[in-house]
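Here the structure comes first, spelled out in structure tokens, and everything after it is commentary.
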Amino acid sequence: MSDFEGLNALVTGGASGIGRATAELLAERGARVAVLDLDPSSVGKPLFAHRADVTDDASVRHAVTAAVADLGGVLDVLVNNAGIGAQGTVEDNPDDEWHRVYDVNVLGMVRTTRACLPHLRASGHAAIVNTCSIAATAGLPHRALYSATKGAVYSLTLAMAADHVREGIRVNCVNPGTVDTPWVGRLLDAAPDPAAERAALEARQPTGRLVSATEVAGAIAYLASPHSGATTGTALAVDGGMQGLRLRPV
Ligand code: NAD
């Protein structure tokens, strides 16, 4: 498929996991793609790569300017994907941890979107896709802080969709379930028996397996592509049936 031929895309958190799979898929399908990441050292051609910390406004603005210059001045697709995890109930994390995770997961999207909007407006038919999570609406145990940040991402997606619809900018999000990325690998590795923990996690999925990063990338690509031209202000679940079937991943 070459449905992104002639289009320019920017993916945050694009050096690993879902972001990396998305950047590679968009490039395979014809887009020119720039990745922004804390550590873009593993990212090579055909992707453009820039170091950026989404918690630092100057860093984001600088990297977006450089990336848009690489891509030729216009941005058609923004994938706001950079994010970090957090475990625990409201009693487990002090205020500064709440601020730290919110700063990455929510304000990171705000800063990147703000820096990209002038370039997205220039497209005339742009799409923003935010990586949200089933945690936004599922009521997951021991994920109070993470869930609150993803709830904010969901609300932000709807508000941005309303604000920019008449500018030719669509805004949607994907809600992944448990995705087999380096992030989940790190969580499993921290368990006393990682193999047993993985097997238990897989057994709790309706499909009996974790979601792949490529499957989430496919959903992001759909929402970023002209095929979803009439879709804005929606969340697409990519969770192996977890939420639709009212099941819990943990
Ligand atoms: P990952 O850790 O494999 O990749 C995240 C990337 O974001 C890394 O390359 C990291 O360097 C980058 N990043 C982190 N903080 C950053 C910052 N301050 N500035 C710039 N880049 C930064 O994680 P992943 O599993 O691919 O997760 C990507 C997104 O998917 C996150 O928003 C996460 O909340 C969401 N998500 C993941 C899962 C899952 O099960 N893996 C489920 C639902 C949602």
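The values are calculated or read from the model by the stated rules, or taken from the named source; none is laboratory data. In this text, all values refer to a predicted model and were calculated from it rather than measured experimentally. Virtual Cβ from ideal backbone geometry, glycine too; neighbours counted across all protein chains shown. Surface areas here come from the heavy atoms of the whole protein model, side chains and all, with no ligands, DNA or RNA. Shrake-Rupley method; radii C 1.70, N 1.55, O 1.52, S 1.80 Å.
Worth a mention:
- The residues of the stretch 41-78 that are farther than 21 Å from residue 25 by Cα, assigned to a loop (DSSP other than H, G, I, E, B) and under 19 Å from the mean Cα position of the chain (by Cα), listed by number, are 52, 53, 54, 55, 56.
- Residues of the stretch 14-33 satisfying the condition of being without any contact (Cβ under 8 Å) to a residue 60 or more places away in the chain, in a loop (DSSP other than H, G, I, E, B) and in contact with a strand residue (DSSP E or B) (Cβ under 9 Å, 6 or more places away or on another chain): 15, 31
- Residue list for the stretch 155-169, filter: closer than 14 Å to residue 236 by Cα and surrounded by 19 or more Cβ atoms within 10 Å (Cβ to Cβ): 157
- Filter result for residue 63 (out of contact with any Pro (no Cβ under 9 Å at 6 or more places or on another chain) and surrounded by fewer than 24 Cβ atoms within 10 Å (Cβ to Cβ)): no
- Subset tally (residues that are in a strand (DSSP E or B), within 10 Å of the ligand (Cβ to nearest atom) and surrounded by fewer than 19 Cβ atoms within 10 Å (Cβ to Cβ)) for the stretch 79-108: 0
- Scanning the stretch 29-38 for residues that are among the charged types (D, E, K, R) and open to solvent by 90 Å² or more (accessible area, probe 1.4 Å) gives a single hit, 32.
- Within this structure, residue 48 fails the test of being open to solvent by less than 20 Å² (accessible area, probe 1.4 Å), touching a residue at least 12 places away in the same chain (Cβ under 8 Å) and among the aromatic types (Phe, Trp, Tyr).
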